[in-house]
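Input: a single structure, listed below in structure tokens.
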Amino acid sequence: MSLKLPALRFNRTFAFGAALILLAAGVLIGTLSEQAYRAQKLREIEIQAAIVAESVTAPLMFNDTAAAQDLANALAANPQVRAVSIYGADGVLAAAYRRIGDDTALPTRPEISEPRFQSAFAEITRPALRDGQTQGFVYLRFDRDSVVARLARYAAIGLLVIMAALVLIVAGAAQGALARANEELLAKANALADTNAQLNKEIEQRQEAEEALLQSRKMEAIGQLTGGVAHDFNNLLMVIAGGLRMLEKQNEERRAKAMEAMKQAVDRGAGLTRQLLAFARRQTLRMETIDAGRQLTGMREMLERSLRADILLDMAIAPGLPPIKTDPGQFELAVLNLAVNARDAMQKGGLLTITANAAHGGRTVEVIVKDTGTGIAPEILERIFEPYFTTKQIGEGTGLGLSQVYGFVQQSGGDVRIESEVGHGASVILSLPASDEPLPAPAPAPAIETAQRPRAVLVVEDDDGVADTVQSMLDELGHKVTRARSADEALQFLSRDGGYDFVFSDIVMPGGKSGVELAQDLARTKPTLPVLLTTGYSGNQDIDQRYPVLRKPYQIHELQAAIADLMRRSAHP
Ligand SMILES: Nc1ncnc2c1ncn2[C@@H]1O[C@H](COP(=O)(O)OP(=O)(O)OP(=O)(O)O)[C@@H](O)[C@H]1O
Ligand SMILES: [Mg+2]
């Protein structure tokens, strides 16, 4: 790209030309007015001479030289007259007057002449006539203005002309300098435009390179993810497969052991999917307004159990924190993941500090988990949030902890950053937006009877295997179960028999109404009938925040808690 300035209309040559023309005009005006002055002067001389000649005729006719001399003397009164000589008709001098200081001799004989200028004066000789007869001659010599006086007359014009010329010259010179500066500016602007274009190109190239790098990182992460998931789930499946074989052997002690190992494997698998979903951001958060301080204080015992004896836990929770809106379960999981990371980074013991305080003028709550461990090397710092990125041995870490933290923080509308110095520990700072909503009033403690009273449950589940499991759990909890294979079947049962305490329905049932649609139908037809939903996979679009959802796989105590919660809610809506 190159820039163009408009052509300059005023240049130096023009300025000098104009100055010259002005000077010439000045000279011309001067010359013309000098000429006018001379013509005027000569006419004056001529008139004067005519008057003198007229008045001298009588004395000359009568040869009265005394009267002629008186006349000549009288002319001394005129300051412009330098000298006068009067001659008789024969050309003989009759009378004369010469001002003191005039050192030019008077003509001895008259020689008729028109008025004319000499270098220092003007003169005229003319006859004195009477009735066409020459009676004598008159010679007059006048002062002419000095050069200085004449110059002074034109000084004003001259000055103006000179000033105009000067202004033009200065303007011309300035214009020249301006034009040069403009050219330089133009050159610089063009150079800048070139540099800018170059820079843009480099930025583009850099972006392309970064995208390529990102893409290859993504591929690497996906590779690690698939490998890691396969590895972990294979291990879990092995535990469960082995356990099932043990169960067949009917040895009481071994059976118990196998059952325990299988339960742990299932817990671990459930945790894995939870973390994966949180990272993939497909986990629906159960948003609640909570007090982060109270939540953290409540975690103290659990955190201490997760740490080792050589690690000191220090919690500093600022009083009166603004409430935040988040999923309390995910919040706790994130803090736990950070605490476990800190523990693993402090193999020789150390101090784990968890602080919570208001920041940004009360617009956010900052939760800081700080350790005195190994710190994080700068070259891995930007990778640690990737799923399955770990520096730990197989079986010691899956690399999903920080990806859960990342996914959770993103979904809560906050951000996370890490400050770390190798050898001096690391701090993870969760910054969560404060909520305007007030904290809910603490729920009244559930009456044990309410939670445990046997209930009539309508279970809606299309998969028989799952339905069997659910039924056995509900049986064990003492509830009375009716099974429906679809939402429509459930609606039929409900229209025949109104005696159900609540409906427990799967969300995704291919080929028919979903659990959410069923719940929405019931909200219209039977608004007092509580509905508990369950699902193994949760895309956000499937969920209606009005209904509680129990995530699969769940254990019997979780089901029990969910039912108690459901009953409490319907008793105190
Ligand atoms: N506080 C910390 N100090 C030093 N390094 C850390 C810290 N927190 C995380 N890291 C590094 O980041 C890596 C990724 O952490 P992340 O929590 O995602 O996975 P993990 O702890 O390896 O495995 P998982 O949490 O799934 O058991 C860790 O392997 C470790 O190298
Ligand atoms: Mg971890």
- Message: Among (1) part of a helix (DSSP H, G or I); (2) at pLDDT 90 or above, there is one condition GLN330 misses while meeting the rest; what is its number?
- Response: (2)
- Task: Return only the number of the condition from (1) in a loop (DSSP other than H, G, I, E, B); (2) under 26 Å from THR273 (Cβ atoms) that ILE376 does not satisfy.
- Result: (2)
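Within the stretch 1-15, track down each residue that is open to solvent by 100 Å² or more (accessible area, probe 1.4 Å) and either in a helix (DSSP H, G or I) or modelled with pLDDT of 85 or more (or both).
Of the stretch 1-15, the ones open to solvent by 100 Å² or more (accessible area, probe 1.4 Å) are 1, 4, 6, 9, 12-14.
Result: ARG12, THR13, PHE14.
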- Within the stretch 19-44, can you find the residues that are touching a residue at least 24 places away in the same chain (Cβ under 8 Å), more than 60 Å from the chain's Cα centre (by Cα) and within 30 Å of VAL170 (Cα to Cα)? ALA25, GLY26, ILE29, GLY30, SER33
- Any hit, the stretch 375-388, residues being open to solvent by less than 50 Å² (accessible area, probe 1.4 Å), in contact with an Asp or Glu (Cβ under 9 Å, 6 or more places away or on another chain) and away from ligand 2 (no atom under 13 Å from the Cβ): yes
- Message: Can you find a residue that is more than 50 Å from the chain's Cα centre (by Cα) and open to solvent by 50 Å² or more (accessible area, probe 1.4 Å) anywhere in the stretch 530-540?
- Response: no
- Could you list all residues from the stretch 87-103 that are without any contact (Cβ under 8 Å) to a residue 40 or more places away in the chain and open to solvent by 50 Å² or more (accessible area, probe 1.4 Å)? ASP90, VAL92, LEU93, ARG98, ARG99, ILE100, GLY101, ASP103
- Query: Looking at the stretch 45-69, which of the residues that are in contact (Cβ under 8 Å) with a residue 24 or more places away in the chain and of a type in the set (D, E, K, R) is most open to solvent (accessible area, probe 1.4 Å)?
  - Reply: GLU54
- Message: I'd like to verify a number: residues in the stretch 104-126 that are farther than 12 Å from PHE137 by Cβ, among the hydroxyl-bearing types (Ser, Thr, Tyr) and surrounded by 12 or more Cβ atoms within 10 Å (Cβ to Cβ), how many?
- Response: 1
- Query: Could you count how many residues in the stretch 320-361 are open to solvent by 30 Å² or more (accessible area, probe 1.4 Å) and within 16 Å of ligand 2 (Cβ to nearest atom)?
  - Reply: 8
- Restricting to strands (runs of 3 or more DSSP E) lying wholly in the stretch 54-127: which have 2 or more residues that are over 29 Å from ALA36 (Cα atoms)? 81-88, 93-98
- Only one of (1) touching a residue at least 60 places away in the same chain (Cβ under 8 Å); (2) exposed (fewer than 15 other Cβ atoms within 10 Å of the Cβ); (3) assigned to a helix (DSSP H, G or I) is not met by LEU168, so which one is it? (2)
- Count of the stretch 378-411 residues which are at pLDDT below 90, more than 7 Å from ligand 1 (Cβ to nearest atom) and not acidic (Asp, Glu): 10
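So, of the residues in the stretch 338-371 that are within 10 Å of ligand 1 (Cβ to nearest atom) and either in a loop (DSSP other than H, G, I, E, B) or farther than 18 Å from ARG417 by Cβ (or both), which turns out to be modelled with the lowest pLDDT?
From the stretch 338-371, those within 10 Å of ligand 1 (Cβ to nearest atom) are 338-346, 352, 369-371; that's our starting set.
If we keep only those that are either in a loop (DSSP other than H, G, I, E, B) or farther than 18 Å from ARG417 by Cβ (or both) as well, we get 340, 343-344, 346, 352, 371.
Numbers: VAL340: 90, ARG343: 93, ASP344: 93, MET346: 96, LEU352: 96, ASP371: 97.
The extreme case among them is VAL340.
Please work out if LEU529 is modelled with pLDDT of 90 or more and farther than 30 Å from ALA441 by Cβ.
No; evaluated as a whole, the condition is false for this residue.
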- Task: Enumerate the pairs (first residue in the stretch 385-414 and assigned by TED's automatic domain parsing to the domain that holds LEU333; second residue anywhere and more than 11 Å from ligand 1 (Cβ to nearest atom) and among the hydroxyl-bearing types (Ser, Thr, Tyr)) with beta-carbon separation below 6 Å, excluding pairs fewer than 6 apart on the same chain, so at least 6 apart or on different chains.
- Result: SER412/THR326; GLY414/SER431
- Item | All positions within the stretch 486-507 that are surrounded by fewer than 16 Cβ atoms within 10 Å (Cβ to Cβ) and under 59 Å from the mean Cα position of the chain (by Cα) | ASP488
- Item | Failed item, numbered, when ALA149 is tested on (1) surrounded by fewer than 11 Cβ atoms within 10 Å (Cβ to Cβ); (2) assigned to a loop (DSSP other than H, G, I, E, B) | (2)
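Restricting attention to the stretch 248-268, does a residue exist that is in the same structural domain as PRO387 (by TED's automatic domain parsing), open to solvent by less than 70 Å² (accessible area, probe 1.4 Å), at pLDDT 65 or above and assigned to a helix (DSSP H, G or I)?
So in the stretch 248-268, the residues in the same structural domain as PRO387 (by TED's automatic domain parsing) come out as none.
There is no residue in the stretch 248-268 that is in the same structural domain as PRO387 (by TED's automatic domain parsing), open to solvent by less than 70 Å² (accessible area, probe 1.4 Å), at pLDDT 65 or above and assigned to a helix (DSSP H, G or I).
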- Is one or more of the residues making up the stretch 339-361 touching a Lys or Arg at 6+ places or on another chain (Cβ under 6 Å), touching a residue at least 24 places away in the same chain (Cβ under 8 Å) and farther than 21 Å from SER403 by Cβ? yes
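Looking at this structure, is THR372 touching a Lys or Arg at 6+ places or on another chain (Cβ under 8 Å), within 22 Å of THR297 (Cα to Cα) and more than 13 Å from ligand 2 (Cβ to nearest atom)? Talk me through it step by step, then tell me what you get.
Details: touching a Lys or Arg at 6+ places or on another chain (Cβ under 8 Å): no; within 22 Å of THR297 (Cα to Cα): yes; more than 13 Å from ligand 2 (Cβ to nearest atom): yes.
No; evaluated as a whole, the condition is false for this residue.
The values are calculated or read from the model by the stated rules, or taken from the named source; none is laboratory data. Keep in mind the model is a prediction, meaning the values are calculated, not measured. Neighbour counts are summed over all protein chains in view; Cβ atoms, including those assigned to glycine, are modelled from backbone coordinates with ideal geometry. Protein only, heavy atoms only, side chains kept; ligands, DNA and RNA dropped before computing areas. Shrake-Rupley method; radii C 1.70, N 1.55, O 1.52, S 1.80 Å.
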